[in-house]
1. What's the total number of residues in the stretch 80-109 that are modelled with pLDDT under 80 and within 28 Å of the chain's Cα centre (by Cα)?
2. Considering only the stretch 92-105, I want to know if a residue exists there that is of a type outside the set (A, V, I, L, M), touching a Lys or Arg at 6+ places or on another chain (Cβ under 6 Å) and either within 22 Å of residue 49 (Cβ to Cβ) or surrounded by 15 or more Cβ atoms within 10 Å (Cβ to Cβ) (or both).
3. May I ask you to list the residues in the stretch 89-141 that are outside any strand (DSSP E or B) and hydroxyl-bearing (Ser, Thr, Tyr)?
4. Quick test for you: out of 52, 66, 29, pick the one residue that is at pLDDT 80 or above, assigned to a helix (DSSP H, G or I), of a type outside the set (Ser, Thr, Tyr) and touching a Ser or Thr at 6+ places or on another chain (Cβ under 9 Å).
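The values are calculated or read from the model by the stated rules, or taken from the named source; none is laboratory data. Bear in mind that the values here come from a model prediction, so they are computed numbers and not experimental data. Heads up, the Cβs are rebuilt from the backbone with ideal geometry, glycines too, and the neighbour counts pull from every protein chain shown.
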Amino acid sequence: MSAPLRKAEEGYIVLITILVIGIVATTVALFLLITGTDAGLASSGVESESQARGGALACAELALGAIQANTSLATPASGSSTLDSTTQETCSYTISGSSPNFDINSIGTVRASTDNFVHRVTVSIDQVSPKLHVTNWQDVP
């Protein structure tokens, strides 16, 4: 009678070993899945922040173009633009000061599925004619 009992004990050992290996494999798979999802979200956030910065820079350039096109610009002046409707990327700028000393505040915004990403840029100029002279170009946190 000891032979059938031994085979039953070996069967339990194999069953427990398979269960332990399955639990370990499932834990590793879940860890990799969660880590991959977090990395994907972080990557998407970096891309959206970069797009928002690009929008702020684009609007700062638009504001400089507006000043250059109209050197006797009456302030305050402002403008906004939709840069990309698929990513909902927009920008806006405000020009303050008086000729030839202007300050530009530019904001780029990207509306992502979970967050809004906003980037700000300030630009100062002290000369309008014959060429614009930028004295300060700074990203604002």
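1. 9
2. So far as the stretch 92-105 goes, no, none of its residues is of a type outside the set (A, V, I, L, M), touching a Lys or Arg at 6+ places or on another chain (Cβ under 6 Å) and either within 22 Å of residue 49 (Cβ to Cβ) or surrounded by 15 or more Cβ atoms within 10 Å (Cβ to Cβ) (or both).
3. 99, 113, 114, 129
4. 52
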